[in-house]
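The values are calculated or read from the model by the stated rules, or taken from the named source; none is laboratory data. Nothing here was measured: the structure is a model prediction, and the numbers come from that model. Positions of Cβ are generated from backbone atoms using ideal geometry, with glycine treated the same way; all protein chains shown enter the neighbour counts. For the accessible areas, the whole protein counts, side chains as well, though only heavy atoms, and no ligand, DNA or RNA atoms are used. Shrake-Rupley method; radii C 1.70, N 1.55, O 1.52, S 1.80 Å.
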Amino acid sequence: MVILYPAIDIRGRHSVRLLRGEYEHETVYDAEPLDAARRWQEQGARFLHVVDLDGARSGHPENLDHVERIATGVDLPIQLGGGLRDAEAVRAALAVGADRVVLGTAAIAEPELVAALVAEHGERIAVGVDARSGRVAIAGWKRRTAASPADVVAELAGRGVATFVYTSVEVDGTLEGPDLEGLQAVAATAGDVGGRLLYSGGIGSLDDLRKVAALPTNSVAGVIVGRALYEARFTVAEGQAALSG
């Protein structure tokens with residue numbers, strides 16, 4: 001089963017979407033992030049993907065109060081990323097109601113920290129692999145590393161990580177379709193190491209979801225969708241039906 005994850009990106013206290021990861025190209029969709037969460041629940045969401053964009057840029061969580069409001073305001077599990085770069089931040093995120101946390105910069109810079117967090121929290125720890133031009137981008141997508149997404153997945157799977165979130169930053173927020181080539185390469189590696197992969201970037205139609213679900217791999221476990229839902233290209237229920245075949 002491939003699950004649709006509605007995205008709630010929080011910046012400046014609002015629910016927003018960025019174009020290709022650029023903070024200068026932001027669209028505000030909900031003044032109150034909880035309103036988005038309630039809407040996605042009403043449409044049949046099974047899991048929420050929440051990102052603290054302020055935290056991703058500053059390096060520490062800045063919107064945990066909103067995460068707590070979402071966790072208590074809807075009856076859905078929450079996956080949270082953004083600014084979670086040490087054990088204290090991870091514990092704080094889990095304490096306010098996140099069911100799973102997504103490490104980004106910390107996973108690349110300190111893989112030994114990831115192993116320690118997996119030992120402490122198990123499958124509640126996931127790793128975000130954000131790519132620009134075939135290389136992993138960190139620090140709020142602003143710094144490009146020399147590492148390939150597949151190499152990062154292979155290394156961190158060896159340290160106990162079971163779930164990865166792969167984002168193709170170059171198509172993120174464009175509605176122009178997923179990066180199927182990049183996704184297939186990372187999904188193949190995830191499959192080889194027994195990992196689960198969630199994909200994000202470029203989804204603009206139900207056909208885009210069907211293309212992802214049709215990939216010849218059993219490692220893709222979820223698709224994160226943002227702008228297409230906010231702009232009513234389809235509902236959560238319609239998107240989930242497309243992924244379910």
Any chance you could list the semi-axes, whole Å, largest first, of the equivalent ellipsoid that the Cα gyration tensor gives for the range 112-245, using √(5λ)?
25, 17, 14
Whole-Hz Karplus ³J(HN,Hα) for the range 50-67, in order, using 6.51 cos²θ - 1.76 cosθ + 1.60 and θ = phi - 60°, x for Gly and Pro?
10, 10, 8, 5, 4, x, 4, 7, 7, x, 8, x, 10, 10, 5, 5, 5, 4
Using the alpha-carbon centroid of each, what span in Å lies between the range 203-243 and the range 50-107?
24 Å
Per the helix-only calculation at 222 nm, which mean residue ellipticity applies to the chain, given -39500 (n - 2.57) for every DSSP H run of n ≥ 4 and division by its residues, nearest 500 deg cm²/dmol?
-10500 deg cm²/dmol
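Tally up the carbon and sulfur contribution to the accessible surface of the chain as a whole percent, 1.4 Å probe, everything protein left in place. Present the calculation step by step, with values, prior to reporting the outcome.
Values: 4430 of 9650 Å².
Taking all protein chains in place, the chain shows 46 percent carbon and sulfur surface.
Expressed in whole Å with the largest first, what are the equivalent ellipsoid semi-axes of the range 1-113 derived from the C-alpha gyration tensor as the square root of 5 times each eigenvalue?
They are 21, 17, 13 Å, listed largest first.
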Starting from 0 in steps of 10 Å, tell me what percent of the Cα-Cα pairs of the range 1-64 lands in each bin.
22, 50, 26, 2
Cβ-placed point charges (K, R +1; D, E -1), dipole of the range 1-45 about Cα centre in debye, nearest 20
100 debye
Tell me the label only: which of (1) 0.92; (2) 1.04; (3) 0.99 is Rg/Rh (Cα atoms, Kirkwood Rh) as calculated from this structure?
(1)
Averaged per residue, the 1.4 Å probe accessible area of the range 35-106, protein heavy atoms only, in Å², is roughly 38 Å²
10 Å-binned pair-distance histogram of the range 202-245 (Cα, whole percent)
30, 58, 12
Relative to the compact-globule scaling 2.2 N^0.38 Å, provide the ratio for the alpha-carbon radius of gyration of the range 166-208.
1.17
